[in-house]
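Asks: A single structure is presented below for examination.
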Amino acid sequence: MTIDDIIARLMTMFGEPKTPDPDLFLTEYAKAIKGWDVDVMSKAADEAIRECLYWPKPAELIKRAERIAADMYRPKPADDRYAWKPEPSEEEKARVQALVDAVKRAITATGLPADKISDVNWKAGQKAEFERMQRESPNAKLHQIRSLTTISRRMSGETE
């Protein structure tokens, strides 16, 4: 099918255009829709034939074609949500394994047995416990809170 075939279909359905120069109308119509994928424009013409009572303006047909092309050429979602990820290379696998080994070494360097790592007091790292530790520290001067600048108050979310 060609653009001329699409125009012939439109002429068959809507009749000869009611204009002083029908040949010029058809020439300009063909120029306006020229360059579009014929399958897309054919589907746009199908819609126009079903929905329009009169000759659709070329702009109307092009709007339909844009929507149809967007639907036709939109990438289809994969069934598997991880399908788009490529298989990791051997170099990537080795780099991840090196990171895991480094974490294991860092944990064992703490002196805690591997089975006691889950017994770490995570609450001590929270704000209230941390501030208590600072107050009770033998190096109290080290932990004194100096007056905050306007910028540091804004950064910490404090208001004046």
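A short reminder: the numbers here are calculations on the coordinates, not readings from a lab. Since the structure is predicted, the reported quantities are computational estimates derived from the model, not experimental observations. All Cβ positions, even for glycine, are placed from backbone atoms using ideal geometry, and neighbour counts span all protein chains on display.
Asks: Show me the ranking of peptides 126-134, 10-18 by mean Cβ neighbours inside 10 Å, starting with the highest.
Replies: Details: 126-134: 11.1, 10-18: 13.7.
Sorting 126-134, 10-18 by mean packing, highest first, produces 10-18, 126-134.
Asks: Could you compute the net charge surrounding residue 55? Neighbours are other residues with a C-beta less than 11 Å from the C-beta of residue 55; K and R count +1, D and E count -1. Please report the intermediate quantities before stating the final value.
Replies: Numbers: positive: 18, 57; negative: 16, 60.
Net charge in that neighbourhood comes out at 0.
Asks: Would you list, by chain and number, the aspartates and glutamates whose Cα falls below 18 Å from the Cα of residue 123, excluding same-chain residues fewer than 8 positions away?
Replies: 131, 136
Asks: Return the subset of 18/63; 31/63; 18/57 for which the Cα-Cα distance in this structure is over 19 Å, preserving the input order. Please report the intermediate quantities before stating the final value.
Replies: Working: 18/63 23 Å; 31/63 16 Å; 18/57 13 Å.
Pairs exceeding the cut-off: 18/63.
Asks: Pop a pseudo-label 7 angstrom from the Cα along the beta-carbon direction at both residue 155 and residue 127 and give the gap in nm to one decimal.
Replies: Between residue 155 and residue 127, the simple spin-label model gives 1.7 nm.
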